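The values are calculated or read from the model by the stated rules, or taken from the named source; none is laboratory data. In this text the structure is predicted, and so the values were computed from the model without any measurement. Note: ideal-geometry Cβ built from the backbone for every residue, glycine included; neighbour counts use all protein chains shown.
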Amino acid sequence: MTAGRLAAYAAFFLVGVATGAAGALVQAAWFPGGLLLALLAIAGLCYGGVRTTGTRVGAGAAAGGWLIAVLLLTPARPEGDFLFGAGLGSYVFLLGGMLVAVMCATLPHLPPSGGQPARRGK
């Protein structure tokens, strides 16, 4: 593993944390548009991680950061404050985000387009 790839994984993890925190705030504030925006953000980040690093670990790093941020923001505070209510939007954000991250991390790798054929002479 190269230092550049490790730096990319770390960057995708940190951006995943920021995406999870922002999505937690946006998904309930502008329902249903905020929910769609939050799910598109994690999908784009995970797919970008796969395409940028060329490995599935790129999506896993982004999804891991998102998951940690969401898990840390899920419990209610002793004062009674919370970010995730017991509504449909919160559950769709939590489960949909996990589903999108898994889908991006398990995408099949397609061969690069425009390359030479695998077998020459045929």
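Inside segment 1-27, can you point out the residues that are free of Cβ contacts under 8 Å to residues at least 12 places away in the same chain and of a type in the set (Val, Ile, Thr)?
Residues of segment 1-27 free of Cβ contacts under 8 Å to residues at least 12 places away in the same chain: 1-4, 6-7, 11.
Selection gives Thr2 alone.
Sub-8 Å Cβ pairs linking a first residue in segment 72-86 that is under 16 Å from Gln27 (Cα atoms) to a second residue that is modelled with pLDDT under 75 and part of a loop (DSSP other than H, G, I, E, B), at least 6 apart or interchain, are Leu73/Leu83; Leu73/Phe84; Thr74/Leu83; Thr74/Phe84; Phe82/Ala76, ordered by first then second residue.
Among the residues of segment 10-34, the ones that are crowded, with 19+ Cβ neighbours inside 10 Å and in contact with a Ser or Thr (Cβ under 9 Å, 6 or more places away or on another chain) come to 3 in all.
Taken over segment 46-58, the criterion of being surrounded by 23 or more Cβ atoms within 10 Å (Cβ to Cβ) and touching a Phe, Trp or Tyr at 6+ places or on another chain (Cβ under 7 Å) is satisfied by Gly49, Gly58.
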